[in-house]
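Some notes on the structure that comes next.
The values are calculated or read from the model by the stated rules, or taken from the named source; none is laboratory data. Because the structure is a prediction, the values reported are computed rather than measured. Here the Cβ positions follow ideal geometry from the backbone for every residue, glycine too, while neighbour counts run over all protein chains shown.
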Amino acid sequence: MKPEGFHEITPQDTPEKKINVGVLGYGFMGKVHSNSLLKIPYTYKTPPVFPLLIAMGGRNLENVKDTARRFGFRGVYIHWEDMVLDPDIEVFDICTPDHQHAGPSIAAAKEGKHVLCEKPMALTVDEAKQMWQHADAAGITHMCNYNYRFVPAVRLARRLLEDGALGTIYQFRVCYLQEAGRLPSTPLDDIWYASGTASGVLLGIGSHALDMARFLVGDIVKITGLKKTFTPVRRNLDGKEAQVNTDEGNMALLEFANGAVGTMESSAVSSGRKNQLTWEINGSKGSMKFDIEDLNHLYVCLEETTRPDVRGFTKISVTSPEHPLQCLHLPPGHNSGWEYSHVHAMAHFLDCASKNTSVAPYGATFYDGYVVQVLMEAIGQSMENGQKVDIETLLAIK
Ligand SMILES: NC(=O)c1ccc[n+]([C@@H]2O[C@H](COP(=O)([O-])OP(=O)(O)OC[C@H]3O[C@@H](n4cnc5c(N)ncnc54)[C@H](O)[C@@H]3O)[C@@H](O)[C@H]2O)c1
């Protein structure tokens, strides 16, 4: 019996729109996505939709149960083939490794579920294209989780570009640098991009860099690239020698449809770089630069607004109500962290899914995910034949 003065909250008190979500995978991203789902009602003054955590999927019953109960999921599955048939799941969220994206994605789309899939879309262009085409045919809402699009500073940059604040874009350079493979002595089993079924640095983090390039500057029409494995043979934890079958670093020259040119680089052998995604854009009216390790700030240099004696980059704290994605109830200057890119990404996706609309232009659709896959294949082709690859031609035949 409650003491007098207690007022019960009933379902009638929470009339907000709700959406039922299933999360496949309970590793790094499975946890990040589940945390994001729980944070949506906390983050937004008026949440676009309230997610209900219906089921989590994995392969080991005890392990998936242990994670699922921490986040308050109602149940678990150990076969995604069963999970996609759950009639209560409206949104299927895929957080499995890259080689386990296509199967669940296509099956969930066929069941009419809205599909969110972690990046990169798939291992190959063919898989990515099938995922996009099945999603398109099913008429569902789909998004490939290029979450860096949802960092407020990146969205402010995009707004400035849409407003023409930088004029004609001349150059863009983007780097995504990490260090897991810097030491030849690190066992292959301990290297995220090369162990087991892992698919390499270009797919792992270069994909984010290529998506940033498209998100900020636009379509890429030509690409020249190379990939490199710096330590082709390592030892496993059991001491046995093992081939490194993936790239450990890569570079590309980019030519954009709007006449801009750029460079893209991603690496996992960059000592001192934990998780550094940086980019810089130069245009006829100014420049902007960004670093994910300093994600609350955008650095802007505008030719027309700065006095000659202080001309240069201004550090903008992107934490105020006038900035994009400022739904946090935190006052200006109260910084948010990396996970919030996922909270905003998921809130946007669920909002669109609840209305069955496209996530474009701010979210990456499966078509965008497929185009990034084509760009990555083009880098491989260019590496093999030493030639510049025409992306329109590749899109037409792939
Ligand atoms: N957007 C980002 O910021 C970001 C960051 C890291 C990873 N990723 C991507 O997220 C995906 C997952 O990466 P991760 O780091 O979370 O991997 P992880 O290894 O930590 O977790 C993968 C999960 O998938 C489960 N799994 C594997 N095969 C399965 C199957 N057949 N059926 C059901 N469950 C299965 C594993 O048990 C595990 O729970 C990858 O595609 C990766 O590229 C995205």
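For the reader, a short list of remarks on this structure follows.
- One residue from ALA213, ALA128, ALA209, ALA198 being within 16 Å of the ligand (Cβ to nearest atom), hydrophobic (A, V, I, L, M, F, W, C) and within 30 Å of SER284 (Cα to Cα): ALA209
- Residues of region 133-155 satisfying the condition of being over 24 Å from TYR176 (Cα atoms) and within 16 Å of the ligand (Cβ to nearest atom): HIS142
- Of SER358, SER336, all but one fail to be assigned to a loop (DSSP other than H, G, I, E, B) and modelled with pLDDT of 95 or more; the exception is SER358.
- Any hit, region 49-64, residues being touching a Pro at 6+ places or on another chain (Cβ under 8 Å), closer than 16 Å to ILE19 by Cα and surrounded by 15 or more Cβ atoms within 10 Å (Cβ to Cβ): yes
- Boolean, TYR170 is in contact (Cβ under 8 Å) with a residue 12 or more places away in the chain, in the same structural domain as GLU280 (by TED's automatic domain parsing), aromatic (Phe, Trp, Tyr) and assigned to a strand (DSSP E or B): yes
- Any chance LEU166 is away from the ligand (no atom under 16 Å from the Cβ), over 19 Å from SER341 (Cβ atoms) and crowded, with 16+ Cβ neighbours inside 10 Å: yes
- A single entry from ARG158, ARG182 fulfils the requirement of being basic (Lys, Arg), away from the ligand (no atom under 16 Å from the Cβ) and either buried (at least 24 other Cβ atoms within 10 Å of the Cβ) or within 17 Å of the chain's Cα centre (by Cα) (or both): ARG158.
- Of all residues in region 138-163 being assigned to a loop (DSSP other than H, G, I, E, B) and in contact (Cβ under 8 Å) with a residue 12 or more places away in the chain, the one that is farthest from GLU280 (Cα to Cα): GLY139
- Cβ-Cβ under 8 Å pairs, at least 6 apart or on other chains, region 98-124 side closer than 19 Å to MET56 by Cα and in the same structural domain as VAL201 (by TED's automatic domain parsing), far side assigned to a loop (DSSP other than H, G, I, E, B) and within 11 Å of the ligand (Cβ to nearest atom): none
- Of the residues making up region 169-179, those that are surrounded by fewer than 21 Cβ atoms within 10 Å (Cβ to Cβ) and touching a Lys or Arg at 6+ places or on another chain (Cβ under 7 Å) number 1.
- Taken across region 287-294, residues that are part of a loop (DSSP other than H, G, I, E, B) and under 23 Å from GLU162 (Cα atoms) do not occur at all.
- In the set ALA138, ALA194, ALA198, only one residue is at pLDDT below 95 and either among the hydrophobic types (A, V, I, L, M, F, W, C) or surrounded by 19 or more Cβ atoms within 10 Å (Cβ to Cβ) (or both); that residue is ALA198.
Per-residue answers, yes or no, for (1) among the acidic types (Asp, Glu); (2) assigned by TED's automatic domain parsing to the domain that holds GLU118; (3) within 16 Å of the ligand (Cβ to nearest atom); (4) touching a residue at least 60 places away in the same chain (Cβ under 8 Å):
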position: ARG307; (1), (2), (3), (4): no, no, no, no
position: VAL318; (1), (2), (3), (4): no, no, no, yes
position: CYS327; (1), (2), (3), (4): no, no, no, yes
position: GLU339; (1), (2), (3), (4): yes, no, yes, yes
position: GLU377; (1), (2), (3), (4): yes, no, no, yes
position: ILE397; (1), (2), (3), (4): no, no, no, no
